[in-house]
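See below for the structure under consideration.
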Amino acid sequence: MTARTNRIDELLRQEITSIISREIADPRVGFATITGVETAPDLRHAKVFVSVIGQPEGRKEALRALGRAMPFVRHELGKRLRLKRIPEFHLELDETLDLPPVGESLPTPVQRLPHLGDAEPVPGEDPAIPPAPSLRRRAFRTSKHRPVPGRRPR
């Protein structure tokens, strides 16, 4: 790869991500992320690597939806970029970030045990729940009698 194709790859990745996130309203796309683009030296074809969060069937469906949206994406790239040729995109599912599910996906919350140096709990309060922030605001007064900087008094 040359430095030029690397720059074009990164530019295409950024622009495709922008178009997918802002202008494609297909709910099947879901949480699709463009992880990389590899362009052929002649800029006629490009592999677009897509990572999708979800179940295997949902990933395939999202890839199909993105495949149907690629002509629109290519048209938008033609408006945005000053390239002689916008490549034909070939989508590939990027599974490098996928981890096999092991048991639970989130840890189970457990009650916190008291430690040395903890403050004594106030009777009637739950020490695990912090107090809510105050919702009172200071009133901002504008007065005719207070001088405004930069103005002459009347």
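The values are calculated or read from the model by the stated rules, or taken from the named source; none is laboratory data. Keep in mind the model is a prediction, meaning the values are calculated, not measured. FYI the Cβ positions are ideal-geometry reconstructions off the backbone, even for glycines, and counts take in every protein chain you see. Ligands, DNA and RNA are stripped out before the accessible areas are found, and what is left, the full protein with its side chains, is counted by its heavy atoms. Shrake-Rupley method; radii C 1.70, N 1.55, O 1.52, S 1.80 Å.
Tabulated data for the structure shown
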| read-out | value |
| --- | --- |
| Meets criteria (open to solvent by 80 Å² or more (accessible area, probe 1.4 Å), aliphatic (A, V, I, L, M) and more than 18 Å from the chain's Cα centre (by Cα)) for Met70 | no |
| Count of residues meeting criterion [in contact with a helix residue (DSSP H, G or I) (Cβ under 9 Å, 6 or more places away or on another chain) and open to solvent by less than 60 Å² (accessible area, probe 1.4 Å)] in the range 1-17 | 3 |
| Out of Leu43, Leu83, sole residue that is on the phi > 0 side of the Ramachandran plot and over 17 Å from the mean Cα position of the chain (by Cα) | Leu43 |
| Subset of the range 18-58 (residues that are open to solvent by less than 50 Å² (accessible area, probe 1.4 Å) and part of a helix (DSSP H, G or I)) | Ser18, Ile19, Ile20, Gly58 |
